[in-house]
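The values are calculated or read from the model by the stated rules, or taken from the named source; none is laboratory data. No experiment lies behind these values; they were computed from the predicted model shown. Neighbour counts run over all protein chains shown; Cβ positions are idealised from the backbone, glycine included.
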Amino acid sequence: MRRPEFKLEEIKHDLRSDTLRVRQMAMLSLLRGAKEDLSIQSDALQIFRTMLDFEQDPWTVTQATVGIEMIAGPSEGRHAWLTLLHHPNAQIVAHAASTLTDPAYSSILMEILEQRPDISIHRGVLYGLG
């Protein structure tokens, strides 16, 4: 059975939707597509970078960061994770912190506990620290 054609333009359109669920599904499709099809990774990386700058939904922007790390590598991935961990939106910080599994971020997560008093951030950091 043939895989359906990947529709990058449709995903770009859906990522601009006002409907959160539509944006989330588009991000998931883009992430899956970038894993399976190396030919779209350059375009996908640009979209992930744009989402990192503008998306306000914690899950969607965290998935964009996963995509950046997957395509651009650990250095740019680290920069993207640090962007989320220092984001002004507490929900984004909390979600990013709870998603991290790399022990290299432990000291940064401990600093966030001291610097950001928001309880949702503390929960996310503690979950991320395990």
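A few notes on this one:
- Cβ-Cβ under 8 Å pairs, at least 6 apart or on other chains, the range 112-130 side closer than 18 Å to Thr83 by Cα, far side among the hydroxyl-bearing types (Ser, Thr, Tyr) and assigned to a loop (DSSP other than H, G, I, E, B): Gly128/Thr101
- Meets criteria (surrounded by 19 or more Cβ atoms within 10 Å (Cβ to Cβ), farther than 24 Å from Ala34 by Cβ and outside the structural domain of Ala26 (by TED's automatic domain parsing)) for Ala94: yes
Matching residues to (1) without any contact (Cβ under 8 Å) to a residue 60 or more places away in the chain; (2) exposed (fewer than 13 other Cβ atoms within 10 Å of the Cβ); (3) β-branched (Val, Ile, Thr); (4) at positive phi:
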{"position": "Ser29", "(1), (2), (3), (4)": "yes, no, no, no"}
{"position": "Leu52", "(1), (2), (3), (4)": "yes, no, no, no"}
{"position": "Thr60", "(1), (2), (3), (4)": "yes, no, yes, no"}
{"position": "Gln63", "(1), (2), (3), (4)": "yes, no, no, no"}
{"position": "Gly73", "(1), (2), (3), (4)": "yes, yes, no, yes"}
{"position": "His87", "(1), (2), (3), (4)": "yes, no, no, no"}
{"position": "Ile108", "(1), (2), (3), (4)": "yes, no, yes, no"}
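- Hey, Arg78 farther than 23 Å from Gly128 by Cα and among the basic types (Lys, Arg) or not: no
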